[in-house]
Amino acid sequence: MPEPVLRPLRWWDLEAVHALEQELFGATAWSPETFWGELAQPNRRYLVAEDDGVVVGYGGVMVTGADADVQTLGVAAAGQGRGTGRRLLQALLGAAVGAGATRTVLEVRADNAAAQALYRSEGFDQIARRPRYYQPGDVDAVIMRATLRPR
Ligand SMILES: CC(C)(COP(=O)(O)OP(=O)(O)OC[C@H]1O[C@@H](n2cnc3c(N)ncnc32)[C@H](O)[C@@H]1OP(=O)(O)O)[C@@H](O)C(=O)NCCC(=O)NCCS
């Protein structure tokens with residue numbers, strides 16, 4: 001099966017992206033307004049993964065000078081485990097490097113072993129933990145950091 005194609009997220013993708021966001025993040029899903037606000041910022045880079053015209057993944061990064069922050073990353077449940085999350089993350093980090101970033105951070109739920117495994121395998125290390133950061137649910141946030149190098 002061909003791999004999903006990665007391309008910049010456009011405003012007309014937001015309906016599909018928001019539907020995925022709700023599927024993946026439930027009560028903590030970003031609102032459509034939050035996505036619109038993100039796209040309006042000049043220092044954001046957002047990508048989607050598209051499979052035969054259907055958006056099956058998305059992610060975004062913020063770049064401020066040398067610092068990048070992975071804002072979000074998600075792959076439709078039915079399309080997980082095919083390498084799309086890793087490809088999206090690598091493309092986002094590549095975009096951050098292209099925009100001048102040399103290091104990056106992100107937050108991930110302490111109970112999200114799959115995402116943490118992905119991040120660790122891409123060079124991220126845990127640097128802090130924020131107790132009860134995710135509400136509802138009282139779930140801690142793990143803060144991870146990586147040094148970025150041109151790929
Ligand atoms: C995290 C997520 C984006 C990974 O996307 P994916 O396309 O399934 O990931 P990939 O197939 O590229 O796998 C990359 C790595 O992630 C890790 N991983 C993925 N699924 C995993 C699982 N079920 N258990 C443990 N590790 C897992 C592995 O390290 C894997 O590398 P490997 O295949 O060499 O073992 C996806 O699971 C997802 O959208 N989850 C829900 C939303 C979410 O948690 N987003 C991150 C918020 S910080």
Residue count for the stretch 35-74, restricted to those that are part of a strand (DSSP E or B) and in contact (Cβ under 8 Å) with a residue 40 or more places away in the chain: 16
Lone unmet requirement of (1) under 22 Å from Arg7 (Cβ atoms); (2) modelled with pLDDT under 95; (3) out of contact with any helix residue (DSSP H, G or I) (no Cβ under 9 Å at 6 or more places or on another chain) for Asp138: (1)
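Based on this model, can you work out whether Leu47 counts as within 15 Å of the ligand (Cβ to nearest atom), hydrophobic (A, V, I, L, M, F, W, C), within 12 Å of the chain's Cα centre (by Cα) and within 17 Å of Arg145 (Cα to Cα)?
So Leu47 does not fit the description; no.
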Every residue from the stretch 35-57 that is within 20 Å of Asp69 (Cα to Cα) and touching a helix residue (DSSP H, G or I) at 6+ places or on another chain (Cβ under 9 Å): Phe35, Trp36, Leu39, Arg44, Arg45, Tyr46, Leu47, Val48, Ala49, Gly57
Answer from Leu88, Leu106, Leu93, Leu118 - the residue that is closer than 17 Å to Ile143 by Cβ and touching a residue at least 40 places away in the same chain (Cβ under 8 Å): Leu93
Pairs where the first residue, in the stretch 1-22, is under 12 Å from Val56 (Cβ atoms) and the second is among the polar types (S, T, N, Q) and crowded, with 17+ Cβ neighbours inside 10 Å, C-beta under 6 Å, 6+ apart: Pro4/Thr84
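Among the residues of the stretch 72-91, write down those that are touching a Phe, Trp or Tyr at 6+ places or on another chain (Cβ under 8 Å), among the polar types (S, T, N, Q) and within 6 Å of the ligand (Cβ to nearest atom).
Passing the criteria: none in range.
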Hits in the stretch 123-147 (condition: surrounded by 12 or more Cβ atoms within 10 Å (Cβ to Cβ), more than 14 Å from Val105 (Cβ to Cβ) and free of Cβ contacts under 8 Å to residues at least 60 places away in the same chain): Val139, Asp140
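The values are calculated or read from the model by the stated rules, or taken from the named source; none is laboratory data. All values reported here derive from a predicted model rather than from experimental measurement. A quick note on method: Cβ atoms are made from the backbone with ideal geometry, for glycine too, and the neighbour counts reach across all protein chains shown.
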